[in-house]
Amino acid sequence: MTTEREKDSVTGTETTGHEWDGIRELDTPPPSWLMWIFYLSIVFAAVYVVLYPAIPLGGSYTKGVLGYSSREALDVSMAQLRKAQGQYLVQINAKSPAEILKDPQLRTFAVRGGLVAFGDNCAACHNLGGTGRHAYPSLADDVWLWGGKPADIYATLKYGIRSGHDKTRTSAMLPFGTGQKMTEPQTADVAEYVLSLTKRSKDAAAVTRGAALYGRQCASCHGKSGGGDQKQGAPALNDQIWLYGGTKAEIIAQIVRPKMGVMPAWVDRLKDETLKMLSVYVHALGGGK
């Protein structure tokens, strides 16, 4: 490395005297317009510090001569928003979800409010758009464990499923395996019969045996033809919608040691108008009755 300043033979610009591996550094000043921007930025920063909150002082900060506060500005904005929404929220509080659906203007407001509330509180389990996932039901189809009418959806949201609330909806499937209700071969036969309800069985003899067992052990909840019972929260078995999987092994596992999900009660977490807007939104996803 050299430090001797000299003029570059190509550009005619004086070098800084620095050279690395044969590469010389030209002493080229920045353009004047860039320097003016730099100086103006310094002036702007100084004016901003004087006018607005800027410098932290331990537990406080400089307030600025304008006395501006973004938090206070947000509070004012939210107050104005709540005032604009007030006329709708009053009506939503006074009406049932079914009545809200009959009012086009209220319905539009409720669907938009429900969309936001769903994203904040429900999408983690049921996915955006209510499409559901393994062990969490879809809310965008017309298959409902507890009913898809506006009042049914509202009750489910409000009190939950197996949530521990006094008014929660509860259903329980007994463990039929381990020899208590059915032997291992019998559970396999019942699973084969369940597969036959969606035309997926290939063992006619097992289906015949399983049908008799199903009639004695399962039909009281799931229906004679596997149509389910929304009053009990018993799922249909004659469609292709499965919360915990629809293969023979997965059906056997559910017979032997059933899985039963829990949905929290939202009555103490969300305002009633939010629950109603959520009910309207879920109903509007496409599967509401």
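Values for this structure:
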| read-out | value |
| --- | --- |
| Two-decimal Rg/Rh across segment 184-256, once Rg and the Kirkwood Rh are taken from alpha-carbon atoms | 0.92 |
| Where ILE23, ILE37, ILE153 fall by accessible area, highest first, once all protein chains stay in place (1.4 Å) | ILE23, ILE37, ILE153 |
| Cross-link reach list, lysines versus LYS199, counting only Cα pairs under 23 Å and skipping chain neighbours closer than eight places | LYS224, LYS248 |
| Percent carbon-and-sulfur accessible area, the chain, ignoring ligands, DNA and RNA, probe 1.4 Å | 58 percent |
| Distance from segment 1-76 to segment 85-116 (C-alpha centre basis), Å | 53 Å |
| Value of [θ]222 nm, deg cm²/dmol, for the chain, DSSP H segments ≥ 4, -39500 (n - 2.57) each, nearest 500 | -14500 deg cm²/dmol |
| ARG257-ALA212 pseudo-label distance in nm [points 7 Å out on the Cα-to-Cβ vector] | 3.0 nm |
| Once the Cα gyration tensor of segment 136-179 is diagonalised, semi-axes √(5λ) in Å | 23, 16, 8 |
| Under 14 Å, Cβ to Cβ, from HIS134 - net charge with Lys/Arg +1 and Asp/Glu -1 | +1 |
| Dimensionless Rg over Rh [the chain; C-alpha; Kirkwood] | 1.34 |
| Fully extended contour minus Cα-Cα distance, from LEU26 to ALA73, at 0.36 nm per residue | 11.8 nm |
| Extension gain from LYS167 to GLN240, taking 0.36 nm per residue of separation minus the Cα-Cα distance | 23.2 nm |
| Solvent accessible area, Å² - HIS18, 1.4 Å probe, full protein context | 70 Å² |
| Value in Å of the Kirkwood radius, where segment 20-154 supplies the Cα pairs that are averaged | 21.4 Å |
| Volume per residue of the C-alpha convex hull in segment 211-289, rounded to whole Å³ | 132 Å³ |
| Cross-link partners of LYS202 among aspartates and glutamates (Cα-Cα below 12 Å; sequence separation of 8 or more within a chain) | ASP189, GLU192 |
| Partner lysines for LYS158 [C-alpha distance under 29 Å; skip if fewer than 8 residues away on the same chain] | LYS83, LYS95, LYS102, LYS149, LYS167, LYS231, LYS259, LYS271, LYS276, LYS289 |
| SER220, SER279, SER196, ranked by accessible area, largest first (probe 1.4 Å) | SER220, SER196, SER279 |
| Efficiency of FRET between GLU14 and ALA45 - r from beta-carbon atoms, R0 30 angstrom, step 0.05 | 0.35 |
| Rounded to the nearest 10 Å², the accessible area of GLU14 at probe 1.4 Å | 90 Å² |
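The values are calculated or read from the model by the stated rules, or taken from the named source; none is laboratory data. These numbers come from a predicted model, not from an experiment. Counting neighbours? That spans all protein chains shown, and the Cβs are built from the backbone with ideal geometry, glycine included. Quick note on the areas: whole protein, heavy atoms, side chains included, nothing else; ligands and nucleic acids left out. Shrake-Rupley method; radii C 1.70, N 1.55, O 1.52, S 1.80 Å.
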